[in-house]
């Protein structure tokens, strides 16, 4: 299963890049993540619990970052085993560029599953993989920008505080 998308994030490319290297941000962004430890150079250990159709499993695995070009691009690759449910593996090529005072983030995702999960059929798996990727990048956007206020047109930065602001105490 492959998919691509682009989204505009109200943060500078250097902040988006730094967020993708931070295990706390990854834990907040990966749907169902219960633990993410490690670092960008050695890789991350992750534990993720998800329900795909009738199959619920906790996947334990590794996430590695490669092809790192600071503030421009990186590749995220992950593989996890979910016991009797099977395995899941995939990756995303992520590109960032400054645009309209923020960052245009584009990504290409590829995902594969095996075991019981593969028996669910490609429509269920493809839909789930797309939902997971969309949720990850939506969570990343919200983490960087702060939660959107009702009626917010995206321009009121005083009411938002992203992850960098929360860490430094600045808005």
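The values are calculated or read from the model by the stated rules, or taken from the named source; none is laboratory data. Remember, it's a predicted structure, so these values are computed and weren't measured experimentally. Cβ coordinates were reconstructed from backbone atoms using ideal geometry, including for glycine residues, and neighbour counts include every protein chain displayed.
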All but one of (1) surrounded by 15 or more Cβ atoms within 10 Å (Cβ to Cβ); (2) touching a strand residue (DSSP E or B) at 6+ places or on another chain (Cβ under 6 Å) hold for residue 29, so report the exception by its number.
-> (2)
Tell me, please, whether a residue that is closer than 16 Å to residue 144 by Cβ and touching a helix residue (DSSP H, G or I) at 6+ places or on another chain (Cβ under 9 Å) can be found in segment 58-72.
-> yes
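Listed here are the residues, each with its yes/no results for (1) free of Cβ contacts under 8 Å to residues at least 40 places away in the same chain; (2) surrounded by 15 or more Cβ atoms within 10 Å (Cβ to Cβ).
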residue	(1), (2)
44	yes, yes
52	no, yes
67	yes, no
74	no, yes
86	yes, yes
Residue 13 fails exactly one of (1) surrounded by fewer than 16 Cβ atoms within 10 Å (Cβ to Cβ); (2) farther than 17 Å from residue 132 by Cα; (3) touching a strand residue (DSSP E or B) at 6+ places or on another chain (Cβ under 8 Å), namely (1)
Starting from residues that are within 19 Å of residue 134 (Cα to Cα) and part of a loop (DSSP other than H, G, I, E, B), keep the ones in segment 23-55 and report whichever is farthest from the chain's Cα centre (by Cα).
-> 53
Filter segment 84-123 for residues that are in a helix (DSSP H, G or I) and in contact with a helix residue (DSSP H, G or I) (Cβ under 9 Å, 6 or more places away or on another chain); the one that is farthest from residue 64 (Cα to Cα) is 120
Identify all residues within segment 35-49 that are farther than 15 Å from residue 92 by Cβ and touching a helix residue (DSSP H, G or I) at 6+ places or on another chain (Cβ under 8 Å); write none if there are none.
-> 35, 36, 37, 38, 39
Given (1) at pLDDT 80 or above; (2) touching a helix residue (DSSP H, G or I) at 6+ places or on another chain (Cβ under 7 Å); (3) surrounded by fewer than 15 Cβ atoms within 10 Å (Cβ to Cβ), where does residue 140 come up short, assuming only one miss?
-> (3)
Can residue 63 be described as surrounded by 20 or more Cβ atoms within 10 Å (Cβ to Cβ), in contact with a strand residue (DSSP E or B) (Cβ under 7 Å, 6 or more places away or on another chain) and touching a residue at least 12 places away in the same chain (Cβ under 8 Å)?
-> yes
If we scan segment 115-132, do we find a residue that is at pLDDT 90 or above, within 16 Å of residue 30 (Cα to Cα) and surrounded by 17 or more Cβ atoms within 10 Å (Cβ to Cβ)?
-> no
